[in-house]
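There's a structure below that I have some questions on.
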Amino acid sequence: MGYKVVIAGATGNVGREMLNILAEREFPVDEIAALASRKSLGTEVSFGEKTLKTKDLDTFDFTGWDIALFAVGSDATKTYAPKAAAAGCVVIDNSSLYRYDPQVPLIVPEVNADAIAGYSKKNIIANPNCSTAQMVVALKPLHDRAKIRRVVVSTYQSVSGAGKEGMDELWDQTKAVYNPVQEVPPKKFSKQIAFNVIPHIDVFLDDGSTKEEWKMVAETKKILDPSIKLTATCVRVPVFVGHSEAINIEFEEPLDWQEAQDILREAPGIMLVDKREAGGYVTPIECVGEYATYISRVREDPTVENGLNIWCVSDNLRKGAALNAVQIAELLGNRVLKKG
């Protein structure tokens with residue numbers, strides 16, 4: 001016996017990826033429903049070898065359904081997630097709406113799987129921000145060994161993190177550079193993204209940081225350890241898919257680069273590719289479509305006591321969103337619902 005699964009936002013980048021990953025990982029599905037807004041009603045999406053027609057999220061009855069994966073943004077989630085949860089369907093939400101709610105677990109299965117027990121308070125589980133998810137997968141095994149005191153992270157985030165509009169804007173602006181007759185002014189981003197980098201993701205806060213940077217701090221504390229000090233600079237780069245991060249870590253105890261490599265090599269969800277030669281590292285274009293979070297450039301930082309630098313790359317539509325949501329569903333099934 002398998003699960004009755006709902007995908008809310010099935011026509012978007014993340015929703016389509018959720019359907020792909022459920023099929024790839026052979027999640028035990030008895031019945032599946034693809035939901036979308038009225039403007040996308042009837043759009044066809046793929047689930048393995050099947051083709052599904054989207055149904056109306058606004059009128060859908062969640063009664064009798066087991067798990068709903070939400071990829072619809074905070075506004076729609078605020079309306080529909082409580083309805084699904086009240087109907088007995090466990091919501092796994094990809095938006096930021098519930099991430100900081102103390103009654104909603106925020107989960108990366110490789111890091112804090114035991115937090116799944118808290119789902120029953122609201123029947124909702126939160127999926128973290130894409131940049132946080134890959135980073136905490138890398139930090140967790142190192143933190144277990146030497147306890148992290150402080151993290152300084154700079155991100156290089158792809159345009160797919162801003163949805164289809166972000167990808168379209170990069171594509172159209174890139175073409176316009178080679179065809180000066182056509183002008184494509186910024187709409188999704190604050191400045192031209194083609195052949196440029198923009199140190200601005202989400203809105204600015206009073207202290208000069210952006211909300212994306214604040215998210216990385218708050219979510220790392222909730223998922224991994226509230227005592228970790230973290231500062232982030234989040235940058236949008238002209239890459240279609242795949243987020244990269246340069247992470248500087250300061251530990252409470254000594255940890256040399258060889259032992260760090262050994263730990264990361266064995267850690268769940270991580271693929272270590274670190275050859276210290278030309279091409280002996282992973283770039284975003286190579287991680288597209290992959291499940292792993294890739295770690296390269298492991299080296300000691302001599303400017304601080306017990307310091308380490310790493311390079312971290314992952315497919316943000318997968319580990320940063322859809323894959324993590326499906327892994328939470330698998331965890332929920334194995335530990336709580338126990339079907340399939």
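Could you please let me know if THR63 is hydroxyl-bearing (Ser, Thr, Tyr), touching a residue at least 12 places away in the same chain (Cβ under 8 Å) and more than 29 Å from SER158 (Cβ to Cβ)? Spell out the reasoning first.
On the way: hydroxyl-bearing (Ser, Thr, Tyr): yes; touching a residue at least 12 places away in the same chain (Cβ under 8 Å): yes; more than 29 Å from SER158 (Cβ to Cβ): yes.
When the stated conditions are applied, THR63 passes them.
Against the conditions (1) closer than 30 Å to ASP168 by Cα; (2) open to solvent by less than 30 Å² (accessible area, probe 1.4 Å), where does LEU230 fall short? Just the number, please.
Unmet for LEU230, out of (1) closer than 30 Å to ASP168 by Cα; (2) open to solvent by less than 30 Å² (accessible area, probe 1.4 Å): (1).
Next question. So which residues in the range 106-156 are among the hydroxyl-bearing types (Ser, Thr, Tyr), open to solvent by 10 Å² or more (accessible area, probe 1.4 Å) and farther than 20 Å from LEU272 by Cβ, if there are any at all?
Those that are among the hydroxyl-bearing types (Ser, Thr, Tyr), open to solvent by 10 Å² or more (accessible area, probe 1.4 Å) and farther than 20 Å from LEU272 by Cβ: TYR119, SER120, SER154.
Give the residues of the range 20-51 that are over 25 Å from LYS339 (Cα atoms) and surrounded by 13 or more Cβ atoms within 10 Å (Cβ to Cβ), sorted by residue number.
Taking the range 20-51 first, the residues over 25 Å from LYS339 (Cα atoms) are 36-45.
Across the range 20-51, the qualifying residues are ALA36, SER37, SER40, LEU41, THR43, VAL45.
Separate question: Going by the conditions given, is VAL159 open to solvent by 40 Å² or more (accessible area, probe 1.4 Å) and farther than 24 Å from LYS140 by Cβ? Lay out the reasoning, then the answer.
Numbers: open to solvent by 40 Å² or more (accessible area, probe 1.4 Å): no; farther than 24 Å from LYS140 by Cβ: yes.
Considered against the rule, which asks whether it is open to solvent by 40 Å² or more (accessible area, probe 1.4 Å) and farther than 24 Å from LYS140 by Cβ, VAL159 comes out as no.
Pick from the range 286-340 the residues that are under 13 Å from the mean Cα position of the chain (by Cα) and polar (S, T, N, Q): which of them is nearest to PRO141 (Cα to Cα)?
Here the answer is THR293.
Just a yes or no: is a residue in the range 52-75 surrounded by fewer than 15 Cβ atoms within 10 Å (Cβ to Cβ), touching a strand residue (DSSP E or B) at 6+ places or on another chain (Cβ under 9 Å) and assigned to a strand (DSSP E or B)?
yes
Right, another one. What residue, among those in the range 310-336 that are in contact with a strand residue (DSSP E or B) (Cβ under 7 Å, 6 or more places away or on another chain) and part of a helix (DSSP H, G or I), is farthest from ALA133 (Cα to Cα)? Spell out how you get there, then give the answer.
First pass over the range 310-336, keeping only residues in contact with a strand residue (DSSP E or B) (Cβ under 7 Å, 6 or more places away or on another chain): 310-314, 316, 319-320, 325, 328-329, 332-333.
Among the residues that remain, those that are also part of a helix (DSSP H, G or I) are: 319-320, 325, 328-329, 332-333.
Values: LYS319: 7, GLY320: 6, ALA325: 11, ILE328: 12, ALA329: 16, LEU332: 18, GLY333: 21 Å.
Going through the qualifying residues, I end up with GLY333.
For the range 169-272, please list each of the strands (runs of 3 or more DSSP E) lying entirely inside it that holds at least 1 residues being closer than 16 Å to GLN134 by Cβ and touching a Leu at 6+ places or on another chain (Cβ under 6 Å).
Numbers: elements: 229-236, 243-251, 270-272.
Those strands (runs of 3 or more DSSP E) span 243-251, 270-272.
Give the residue, chosen from GLU245, GLU300, GLU290, that is charged (D, E, K, R) and farther than 30 Å from TRP171 by Cα.
On the way: GLU245 fails: farther than 30 Å from TRP171 by Cα; GLU290 fails: farther than 30 Å from TRP171 by Cα.
Matching residue, one of GLU245, GLU300, GLU290: GLU300.
Right, next: If I go through the range 115-159 residue by residue, how many of them are more than 20 Å from the chain's Cα centre (by Cα), in a helix (DSSP H, G or I) and charged (D, E, K, R)?
Number of matching residues: 3.
Okay, next question. Only residues that are at negative phi and either small (Gly, Ala, Ser) or open to solvent by 80 Å² or more (accessible area, probe 1.4 Å) (or both): list them for the range 162-181, please. Break it down into steps so the answer makes sense when it comes.
Kept after step one, since they are at negative phi, are these residues of the range 162-181: 162, 164-181.
Matches in the range 162-181: ALA162, LYS164, GLU165, GLY166, TRP171, LYS175, ALA176, TYR178, PRO180, VAL181.
Inspect all residues belonging to the range 11-24 and state whether any of them is within 23 Å of GLY289 (Cα to Cα) and assigned to a loop (DSSP other than H, G, I, E, B).
Yes, that holds for at least one residue.
Here's something else I'd like to know. If you check every pair at least six apart or on different chains, which have Cβ atoms under 7 Å apart with a residue in the range 1-16 that is within 17 Å of ALA321 (Cβ to Cβ) first and a residue that is small (Gly, Ala, Ser) and in a strand (DSSP E or B) second?
Close Cβ pairs (under 7 Å, with a partner that is small (Gly, Ala, Ser) and in a strand (DSSP E or B)) amount to VAL6/ALA33; VAL6/ALA68; ILE7/ALA34; ALA8/ALA68; GLY9/ALA36; ALA10/ALA34; ALA10/ALA36; THR11/ALA36.
The values are calculated or read from the model by the stated rules, or taken from the named source; none is laboratory data. The structure displayed is predicted, hence computed values, not measured ones. Don't worry about glycine lacking a Cβ; one is built from the backbone with ideal geometry, like all the others, and counts go over all protein chains shown. The protein model used for the area step is the full one, side chains on, heavy atoms only, and it has no ligands, DNA or RNA in it. Shrake-Rupley method; radii C 1.70, N 1.55, O 1.52, S 1.80 Å.
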